[in-house]
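Since the structure comes first, as structure tokens, the remarks are kept for the end.
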Amino acid sequence: MPLPTIEWEGNIEGRVRLIDQTKLPTELKYIYCEDVKSMWHAIKTLMVRGAPAIGIAAVTGVVLGIKDIHADNSEVFLKELKNVTHYLGSSRPTAVNLFWGLSRMERVARENLNRPVREIKELLLKEAINVQNEDKSICRQIGENGAKFIKDGDGVLTHCNAGGLATADYGTALAVMFKAYEHGKKFKVYADETRPLLQGARLTTWELMHAGIDVTLICDNMAAHVMKLGKIQCVIVGADRIAANGDTANKIGTYGVSILAKEHGIPFYVAAPVSTFDLNIASGDAIPIEERSSEEVTCGFGKRTAPEGIKVFNPAFDVTPAKNIKAIITEKGVIEKPSRESVQKILG
Ligand code: MRU
């Protein structure tokens, strides 16, 4: 059974339990968020990370935030709720699931303004738990829809971590691998290490090894060579935000992998829930790209690897153009040759 990444515990006065992903793979440690500030901090510092998991962190973070709202007028409550959502929305800019989760919670409050605040709070808790449970079935459906793309004997390359840890418990890109494995397929996975924070080395390998799937770790700069050696038959990655035309933001380095795949004639797939699409954005050019601290590059994991004072550019994501993507695998179906039209056809 996959481990739950993030879960609400208790009633409206409860707390959120999450796996501290910064401690993996050496330590499986749970932390508890009791208030909205600790959830903001957990998102910002990547204790919880991966687009769908950030969406769940957002909705449960809202429930933590409303503990401190004492208004008994629902209009005043809504105003204060918006302060909470605004605050949580400032934690990370790229994964649209964060904003999707926050607006889903605002909508519940707005649509129930005729009820007492106590009831609105209960409805918000119910909604947060729904989001968490829905994610579990959505990810399994993504896995089912994509499993056919992995053939017996294939080598599959993935970048970053789009596994159970990045969702409620089952993953998106890794869901495709988990389902293919459950269907009895025999294949190998190559996991890019994923500089600078090593989500591939620390998290993807950990998850796949636990599932019993054959996984080999490579440094990011080895992908071209491994492809040239004929070891890779498909690439499957997750997504943080997909524009209306299918351009896809994912962990920095994904764009490069897509170019390498194209050069070697290897199909490149993205696996993501519908909540990762941002149809308000026409193309990838408008996707906000998070820039993170220089220390992640110069002294990640406690050891300085570059001179003091060196200038650093540290974008956390890049955008893969739709033309490099063979298909986007969603819970609603597979979007072949992503474009504005094919995205609309599946998403409706
Ligand atoms: O910075 P992170 O670790 O949150 O980045 C995560 C990714 O880029 C994942 O590939 C993406 O969120 C897909 S998660 C199913």
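The values are calculated or read from the model by the stated rules, or taken from the named source; none is laboratory data. Here the structure is a predicted model, which is why all the values come from computation and not from measurement. Virtual Cβ from ideal backbone geometry, glycine too; neighbours counted across all protein chains shown. These accessible areas exclude ligands, DNA and RNA; they are computed on the full protein's heavy atoms, side chains included. Shrake-Rupley method; radii C 1.70, N 1.55, O 1.52, S 1.80 Å.
I need two numbers for the chain: Rg to one decimal and Dmax as a whole number, Cα atoms only, in Å.
Every Cα atom of the chain included, Rg and Dmax give 19.9, 66 Å.
Only bridges with both residues in segment 145-347 count here: give the DSSP antiparallel percent, nearest 5.
Details: 11 of 30 bridges.
Counting DSSP beta bridges with both partners in segment 145-347, the antiparallel share is about 35 percent.
May I ask you to order 110-122, 43-55 by the average number of other C-beta atoms within 10 Å around their residues, highest value first?
On the way: 110-122: 14.6, 43-55: 24.6.
Ranking, from highest mean packing down: 43-55, 110-122.
From the residues CYS33, ASN324, ASN112, which one has its Cα farthest along the dipole of the chain in the positive direction, the dipole being from +1 and -1 charges on Cβ of Lys/Arg and Asp/Glu about the Cα centre?
Going by the Cα projections, it comes out as ASN324.
To the nearest 10 degrees, how steeply does helix 117-146 sit against the main Cα axis of the chain, on a 0 to 90 scale?
Result, in degrees: 10.
Compare LYS82, LYS148, LYS337 by solvent-accessible area with a 1.4 Å probe and give them largest first, with all protein chains kept in place. The partial results should precede the final answer.
Details: LYS82 90, LYS148 120, LYS337 165 Å².
The ordering from most to least exposed comes out as LYS337, LYS148, LYS82.
So how far, in whole Å, is the C-alpha centre of segment 97-125 from the one of segment 294-308?
42 Å
If you count only protein heavy atoms and use a 1.4 Å probe, how large is the accessible surface of LYS185, to the nearest 10 Å²?
About 50 Å², rounded to the nearest 10.
Taking a probe of 1.4 angstrom, what is the accessible area of CYS219 in Å², to the nearest 10?
50 Å²
In what order, largest first, do ARG15, ARG92 sit by accessible area if the probe radius is 1.4 Å? Walk me through the numbers on the way to the answer.
Details: ARG15 75, ARG92 15 Å².
Largest accessible area first, the list is ARG15, ARG92.
Any idea of TYR181's accessible area? Nearest 10 Å², probe 1.4 Å.
Here the accessible area works out near 100 Å².
Taking the 0 to 90 degree range and rounding to the nearest ten, how far is the long axis of helix 74-89 tilted relative to the main principal axis of the chain, both from C-alpha atoms?
Helix 74-89 sits roughly 30 degrees off the main axis of the chain.
Quote the charge dipole size of segment 240-328 about the Cα centre in Debye, to the nearest 20; the model charges only the Cβ of Lys and Arg (+1) and of Asp and Glu (-1). Each step should come with its number before you reach the end.
Working: 9 positive and 11 negative charges, 54 e Å.
My answer is approximately 260 debye.
Rounded, prolate or oblate: which one fits segment 216-348, using the alpha carbon gyration tensor with axes a ≥ b ≥ c (rounded when a/c is under 1.5, else prolate when a/b beats b/c, else oblate)? All intermediate terms of the calculation are to be shown ahead of the outcome.
Values: a/c = 2.60, a/b = 1.44, b/c = 1.81.
Judged from the Cα gyration tensor, segment 216-348 comes out oblate (a/c at least 1.5, b/c at or above a/b).
At 1.4 Å probe size, put LEU229, LEU260 in order of accessible surface, largest to smallest. Mind showing how you got there, number by number?
Numbers: LEU229 100, LEU260 50 Å².
Reading off the accessible areas and sorting them downward yields LEU229, LEU260.
Rounded to the nearest 5, what % of the DSSP beta bridges within the chain are antiparallel ones?
Working: 19 of 38 bridges.
Antiparallel: roughly 50 percent of the beta bridges in the chain.
How large is the charge dipole for the chain, taken about the Cα centre, if only the Cβ atoms of Lys, Arg (+1) and Asp, Glu (-1) carry charge, to the nearest 20 debye?
Working: 43 positive and 42 negative charges, 129 e Å.
My answer is approximately 620 debye.
Against the longest alpha carbon principal axis of the chain, how many degrees, from 0 to 90 and to the nearest 10, is the axis of helix 51-66 turned?
On a 0 to 90 degree scale, this one is about 10.
Which pairs break 21 Å Cα to Cα here: LYS79/LYS121; LYS44/LYS251; LYS228/LYS262; LYS185/LYS332; LYS228/LYS326; LYS151/LYS326?
Numbers: LYS79/LYS121 14 Å; LYS44/LYS251 15 Å; LYS228/LYS262 12 Å; LYS185/LYS332 23 Å; LYS228/LYS326 19 Å; LYS151/LYS326 16 Å.
Long pairs (Cα-Cα over 21 Å): LYS185/LYS332.
Write down the accessible area per residue of the chain in Å², having rolled a 1.4 Å probe over the full set of protein chains. Mind dumping the intermediate values first?
Numbers: 14850 Å² over 348 residues.
So the chain comes to 43 Å² accessible per residue, rounded to a whole number.
For the pairs LYS179/LYS231; LYS231/LYS303; LYS126/LYS188; LYS67/LYS136; LYS126/LYS148, note any where the Cα-Cα span goes beyond 31 Å. Intermediate values should be presented prior to the final figure.
Values: LYS179/LYS231 21 Å; LYS231/LYS303 33 Å; LYS126/LYS188 40 Å; LYS67/LYS136 26 Å; LYS126/LYS148 35 Å.
Those over the limit are LYS231/LYS303; LYS126/LYS188; LYS126/LYS148.
In whole percent, how big is the carbon plus sulfur part of the accessible area of the chain, probe 1.4 Å, protein atoms only? List each step's numbers first, then the result.
Details: 7860 of 14850 Å².
The computed percentage sits at 53.
How large is the helix-only mean residue ellipticity at 222 nm for the chain, computed as the sum of -39500 (n - 2.57) over DSSP H runs with n ≥ 4, divided by its residue count, in deg cm²/dmol to the nearest 500? Working shown, then result.
Values: 11 runs with 132 residues, N = 348.
The helix-only estimate for the chain comes to -12000 deg cm²/dmol at 222 nm.
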